[in-house]
Amino acid sequence: MSSYGDDEIDDYAYGLDEAERAARPIVILTGLKRSGKTSIRKVVFQKMSPNETLFEESTARVTQDTVRSSFINFETVEFPGQLSPFDANTEDMFRRCGALLFIIDAQDDYTEAQKTMAQYFAQAYQINQNIKFEVFIHKVDGLPEESKLDTNFELFHKMKEDLSEQGLDKIMNTVSFHLTSIYDHSIFEAFSKVVQKLIKQLPTLERLLDIFNQSSNVEKSFLFDVVSKIYIATDSSPVEMATYELCCDMIDVTIDISAIYGSKNDGTSAFDEKSYAEIRLQTEQVLVLRQLSKHLALVCILRSENYEKKGLIEHNFNIFKMGIEKVFRVRKQMNSGIPHSNSSQVGSYQ
Amino acid sequence: MSKRKVLLMGKSGSGKTSMRSIIFANYIARDTSRLGPTIEVEHAHVRFLGNLVLHLWDCGGQETFMENYLQNQKDQIFKNVQVLIYVFDVESREIERDYRYYQSCLESLLANSPNAKVFCLIHKMDLIQEDHRDQTFDEKKRDILRLSEAGAGGKDKASEVVQCFKSSIWDETLYKAWSAIVYKLIPNVHAIEAKLANFTEVVEASEVLLFERATFLVIAHAEVSEQNKDVHRFEKVSNIIKQFKLSCSKMGSQFEQVQVKNDQFAAFIEAFTPNTFIMVVLAGPGSASVSATTILMNIRLARKHFERLEEAGAA
């Protein structure tokens, strides 16, 4: 297993389409002025603390950014609110686009935003029918609980009306709505959902996690991209927001304490092969974090009586890790055209 | 049971109640925006380290109240004070007036409680651009120490009585300031430190921290060598653990034990005495393979010694 070198881990990549494997998928962020596009990008991908985003100035030009030192290998492109993203130069970008995000300031009147959004989605759909459309109903931290859902409901129906007027009803099947705020974990949750749709191996990963949970008596497990705290997969049981938040916070604790006491002087990440964390709660639950690859961690939660047999879980974890490596190796071989015969082995252990 | 009277003063809106709520009432920084202005004096009794009770006088800072404190209520307010915490808003537009009130308060304090210690917090530092923070703080600190000379009776005296800290509720600086404050208030802190140093040696740890259970302020520490360590690590750890504690309570739970390891270190945080948490850090390659059971057993064995020490401190 140690033969698995760094170079290869870097190639844990995924693309939208085999033919376009050279190019990273693009996630496009749009929305009216001051809707929070830049803040979202900085909080999720650059670890900016939410209160610092107050100082962010209005973005004046199209901002392109590649997500680095992360499992998530895509480009983000942000269009300033005052600029329409559609012209001759951007057509190619929309062809490569995996997800188009439209961010709406829920604390403001969103009539205009909704109109613009319907128009953008329709135009993008004409260029590329595979784009996933994601609506972030943003800044909901300032709204009372019931009006969050009302807003969601209203936007959904207005969008449906507008698009069916243009005869584009089927776009609605690929539009998802998310209630988000940078002040809690909802923005990471929403981005997790967006990213998961771009991962082709998702069903296999979910299946692997299910098998791991069953054989180890684990209640819930997440596959996390450590840097962004986005979960790229979880098992098939429903996600409870509180559990997800706690797992996110556990990553923070692990990374922050490791940065203080376990950073090497050579500037490499404090998240290394031996990275491990275990938190016991009064409610007889244990949270466990294990490093899977340079960028990925498995975080799971289980009853403490089921964590007495650490050896069993350790064993299952190692098999799980091998499984994950195989999934991505198969992928890599497919990409590089090397014939392979072992894809059927993935998930065959039990 | 020992009681300590702590005055919290400064102009209205400088952030006194906000920081008190974060440190002692488990508020998260963002929620402090809901707090209204304090009217006259709000009293809060905070049980700290179980047997030590901090009697916080949160003095509303509006001018009429200030005049009152300095005149009619002078004796009542400034008698028997152990610590005065004076909060300055770094962005204040009326800095001259702030300074004038500070001087009057200091004078009244030292006249009524000559042994009191003073902590000046230059607060809301997050509003200053990061690269200007040190410079701004140094300037303010110099001003405050100069203004304290008259009240304290001389330059040396001033720097002995008055300590300045920069703080912001948005980062760990708040914990640094408050750790320094409570350190001054714990009766047998030196005995605790000595015992902790002994424990550190026995378990061959590179560092051991002792946290107060409710606030997660570091009250004592022992370390083997200073080298390669982040000087802000105590307050950072306080902040990290406190945040995590708040996330646990959202789930209706609380953590009992935390272990974090990588190739270079292993850290164990565990509920210790009824009033404290302990953190044991082992450093160096290979420490990740040290048996967790051994460390945890050692922690359990040390527990009763520290419990006794706490009881002695209360007597």
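The values are calculated or read from the model by the stated rules, or taken from the named source; none is laboratory data. Note that the coordinates shown come from a computational prediction; the quantities given were computed from them, not determined experimentally. Heads up, the Cβs are rebuilt from the backbone with ideal geometry, glycines too, and the neighbour counts pull from every protein chain shown. Keep in mind that these areas ignore ligands, DNA and RNA; they rest on the heavy atoms of the full protein, side chains included. Shrake-Rupley method; radii C 1.70, N 1.55, O 1.52, S 1.80 Å.
General remarks:
- The stretch A:109-140 - residue that is in a loop (DSSP other than H, G, I, E, B) and without any contact (Cβ under 8 Å) to a residue 24 or more places away in the chain and, of those, nearest to A:Glu75 (Cα to Cα): A:Gln129
- The strands (runs of 3 or more DSSP E) found wholly in the stretch B:59-166 and carrying at least 1 residues that are open to solvent by less than 50 Å² (accessible area, probe 1.4 Å) and under 17 Å from B:Ser12 (Cα atoms) occupy B:83-89, B:117-123.
- Residue in the stretch A:141-149 that is acidic (Asp, Glu), open to solvent by less than 50 Å² (accessible area, probe 1.4 Å), assigned to a helix (DSSP H, G or I) and away from chain B (no Cβ under 14 Å) present: no
- Selection count where residues are open to solvent by less than 20 Å² (accessible area, probe 1.4 Å), in contact (Cβ under 8 Å) with a residue 40 or more places away in the chain, under 13 Å from A:Ala297 (Cβ atoms) and among the hydrophobic types (A, V, I, L, M, F, W, C), scope the stretch A:227-251: 6
- Just one of the numbered conditions (1) more than 8 Å from chain B (Cβ to nearest Cβ); (2) polar (S, T, N, Q); (3) touching a strand residue (DSSP E or B) at 6+ places or on another chain (Cβ under 8 Å) is not true of A:Ser228: (3).
- Scanning the stretch B:123-154 for residues that are under 13 Å from B:Phe165 (Cα atoms) and touching a strand residue (DSSP E or B) at 6+ places or on another chain (Cβ under 6 Å) yields a count of 7.
- Any chance A:Asp235 is modelled with pLDDT of 90 or more and more than 8 Å from chain B (Cβ to nearest Cβ): yes
- Qualifying residue in the stretch B:290-312 (condition: touching a Phe, Trp or Tyr at 6+ places or on another chain (Cβ under 8 Å), of a type in the set (Gly, Ala, Ser) and at positive phi): no
- Every residue from the stretch B:163-186 that is more than 13 Å from the chain's Cα centre (by Cα) and at pLDDT below 85: B:Asp171
- Any chance B:Met251 is at the interface with chain A (Cβ under 10 Å from one of its Cβ atoms) and in contact (Cβ under 8 Å) with a residue 12 or more places away in the chain: no
- Considered as a group, the residues in the stretch A:178-225 that are out of contact with any Lys or Arg (no Cβ under 8 Å at 6 or more places or on another chain), under 27 Å from A:Lys148 (Cα atoms) and open to solvent by 40 Å² or more (accessible area, probe 1.4 Å) include one that is farthest from the other protein chains (Cβ to nearest Cβ), and that residue is A:Lys193.
- Considering B:Val281, B:Val260, the condition of being open to solvent by less than 40 Å² (accessible area, probe 1.4 Å), facing another protein chain (nearest Cβ under 10 Å) and free of Cβ contacts under 8 Å to residues at least 12 places away in the same chain is satisfied by B:Val260 alone.
- Some residue of the stretch B:36-58 being closer than 28 Å to A:Asn51 by Cα, among the hydrophobic types (A, V, I, L, M, F, W, C) and open to solvent by less than 70 Å² (accessible area, probe 1.4 Å): no
- The set of residues in the stretch A:258-316 that are of a type in the set (S, T, N, Q), more than 8 Å from chain B (Cβ to nearest Cβ), out of contact with any helix residue (DSSP H, G or I) (no Cβ under 8 Å at 6 or more places or on another chain) and part of a helix (DSSP H, G or I) contains only A:Ser304.
- Put simply, of A:Thr283, A:Thr254 the only residue that is open to solvent by less than 20 Å² (accessible area, probe 1.4 Å) and either closer than 25 Å to A:Glu314 by Cβ or touching a Gly at 6+ places or on another chain (Cβ under 9 Å) (or both) is A:Thr254.
- Of the helices (runs of 4 or more DSSP H) entirely within the stretch A:1-106, those holding at least 2 residues that are modelled with pLDDT of 85 or more occupy A:37-45, A:91-96.
- B:Phe268, sole failed condition from (1) within 27 Å of A:Cys248 (Cβ to Cβ); (2) more than 8 Å from chain A (Cβ to nearest Cβ); (3) modelled with pLDDT under 85: (3)
- Leading residue by the ranking (surrounded by the most Cβ atoms within 10 Å (Cβ to Cβ)) among those in the stretch B:214-239 that are touching a residue at least 60 places away in the same chain (Cβ under 8 Å) and away from chain A (no Cβ under 13 Å): B:Leu217
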